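Each reported figure results from applying straightforward, stated rules to the coordinates on display, with no laboratory input. These numbers were taken from a predicted model, which means no experiment stands behind them. Here Cβ is always computed from backbone atoms with ideal geometry, including for glycine, and neighbour counts include all displayed protein chains.
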Amino acid sequence: MIRILVDADACPVKDEIYRVAVRHGVAVVVVSNSGMRLPGHPLITQTIVSDGFDAADDWIAAASGPGVLVVTSDILLADRALKAGAQVLAPTGRAFTPNSIGAAVATRAIMADLRAGGDVVGGPAAFSKTDRSRFLDALDAALMRLRRGS
């Protein structure tokens, strides 16, 4: 059974995920540290984890595997989910793959080192309509791949 796991606390595309998932008949599990208002649909459920450090990430990583699509902007969670066999999408529509995750983790580490050293580095660009559109296209494509079993 295909399902989508959403790292929901800062996810800007939850409504889009719900619409596409219902259209495809795919279950969605919204994982967060606190309750959220969800659409009243049987395919959409919520898991509330403790507010401990990385509690949502740990739950999602443990529930990841083949047939699962994880939506997160957290690169380290993306790495863990990929290693478990899941497909992973960022809210911008960027697909994390086994071939691309190493560079993303390395870039994250370099940026963290620069920030720790006092260098001022810019954060991610503001979320845009183009990002939302790209995400919708990538979500449809990922669900089709999961249906085909590849």
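How large is the charge dipole for the chain, taken about the Cα centre, if only the Cβ atoms of Lys, Arg (+1) and Asp, Glu (-1) carry charge, to the nearest 20 debye?
Details: 16 positive and 15 negative charges, 139 e Å.
About 660 debye.
If each residue's Cβ is checked for other Cβ atoms within 10 Å, how do MET36, MET1, MET144 rank with the fewest at the top?
MET1, MET144, MET36
How would LYS14, LYS83 line up from fewest to most surrounding beta-carbon atoms within 10 angstrom? Intermediate results must be reported in sequence, preceding the final value.
Details: LYS14 20, LYS83 12.
With the sparsest Cβ surroundings first, the list reads LYS83, LYS14.
Can you tell me how the range 1-70 classifies by the Cα gyration tensor, rounded, prolate or oblate, using a/c under 1.5 as the rounded cut? Walk me through the numbers before you get to the answer.
Working: a/c = 2.03, a/b = 1.31, b/c = 1.55.
The shape class here is oblate.
In the range 10-77, which chymotrypsin sites (Phe, Trp or Tyr not before Pro) fall in coil by DSSP and have 16 or fewer other Cβ atoms within 10 Å?
Listed in order of number, the matching sites are PHE53.
Sort ARG23, ARG80, ARG37 by Cβ crowding within 10 Å, fewest neighbours at the top. Display every interim value, and only then the final one.
Details: ARG23 10, ARG80 22, ARG37 7.
Fewest to most other Cβ atoms nearby, the residues stand as ARG37, ARG23, ARG80.
Considering the chain, what Rg and Dmax in Å follow from its alpha-carbon atoms?
Spelled out, the Cα radius of gyration and Dmax of the chain are 15.3, 48 Å.
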